[in-house]
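Worksheet: one structure, shown below.
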């Protein structure tokens, strides 16, 4: 392979990327699908949160889950711009209190507010995403912590994800184009951009950005085996696309990108400053491996009866998608030496503890380094092809196909207010090596 070392005849070794972080062996597993409605409505697509490998730690419940499926609504609830005007008393005019009317209020000064009033659009369906638990939010997204963990409720008050982060409007007729806009309407059907918010006048009226922004990245060549990462942009409240600001909360907007729009293409990444989501269109999902296929690949690996070269016991990849560290000496769980890539069963041979981090000396090549369990990447939506799992990310050990590992190792995910870091899509753990870009 041009981008990795070839695998040798020893079944206990696996290929290791020299890019920002992937190792691996041979294995894989399964992930949950949300049940469709009883009358099988039209499916627009899915939003999948990076970092949870198919299920939240506390389980997928209601509007809080690792994946949200967008179905065609029985009654359209989309909105479109209608009237624009200015008022002299911000937030006191009746128009901003009428729950039947959706409005965006741009506060220009203490006594001047620009109002954009929206009307019902029977040709679109609207879905809202944010941290708020109010009924107006369709998909509740909390901060993602690397390692498939969620922040405790005591920390949520410090979240950088907006309570009403963004909204997506989908055409009800084919090809079901989905468009994303920064900011969502609150329980009174309003969006308020305060006096200090980043906003400006346009030929059509006003536009603005949310505090920490909503970023987009479309892959080049679609979402498939030959895809490469695109360029991160920021989408505005009105759906226009801009270059990134100097920092996430900078009051100065980036330059308008007139050649791009806010339509979500299959494989588009959406970053809400605290959580990243992957958009998979219904058409794109038809070419994505199913959970049944992933489970079959896992069974094929187990059927080959891979053997630990030290304990000579047969290694078995579990079906459980939440595989944890198994410390039994008789464990059949495959483990990998992340420095050299050799795979074994769990053993205590020549273990070392350096600065609280468990390390091992590989008995095959005597390389000392982290010794981690190999875990299946079970979220099928992250796969760019249907090939068997032959590589894994370092340092987490999540496994996937060669091309899937290569693609995500090159994706620079937003990190902090102005940095980017390649990370494992299954657990959000930063990858070893240089920042991927």
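Bear in mind these aren't lab numbers, they're just calculated from the coordinates by the rules spelled out. For clarity, every value in this text was computed on a predicted model and none was experimentally measured. We place every Cβ from the backbone using ideal geometry, glycine too, and count neighbours over all the protein chains shown.
Peptide packing for 201-209, 253-261 was compared via the average number of neighbouring C-beta atoms within 10 Å per residue; ordered from the highest value, the list is 201-209, 253-261. Look at 215, 374 and count the other Cβ atoms within 10 Å of each Cβ; fewest to most, that gives 215, 374. Segment residue 243..residue 204, full-extension length gain: 12.0 nm, with 0.36 nm per residue of separation and the alpha-carbon distance subtracted.
Taking the Cβ of each residue in 75, 241 as the centre, tally the other Cβ atoms inside 10 Å and list the residues starting with the fewest.
75, 241
Each of 234, 359 was scored by other Cβ atoms within 10 Å of its Cβ. Arranged with the fewest first, they read 359, 234. The Cα trace of region 43-285 gives Rg and Dmax of 17.6, 55 Å, the first to one decimal, the second as a whole number. In whole percents, the pair-distance distribution calculated for region 144-295 from its alpha-carbon pairs, binned every 5 Å from zero, is 2, 8, 16, 19, 19, 16, 11, 6, 2, 1, 0.
Inter-label distance, residue 42 to residue 228: 3.6 nm, where each label sits 7 Å from its Cα along the C-beta direction.
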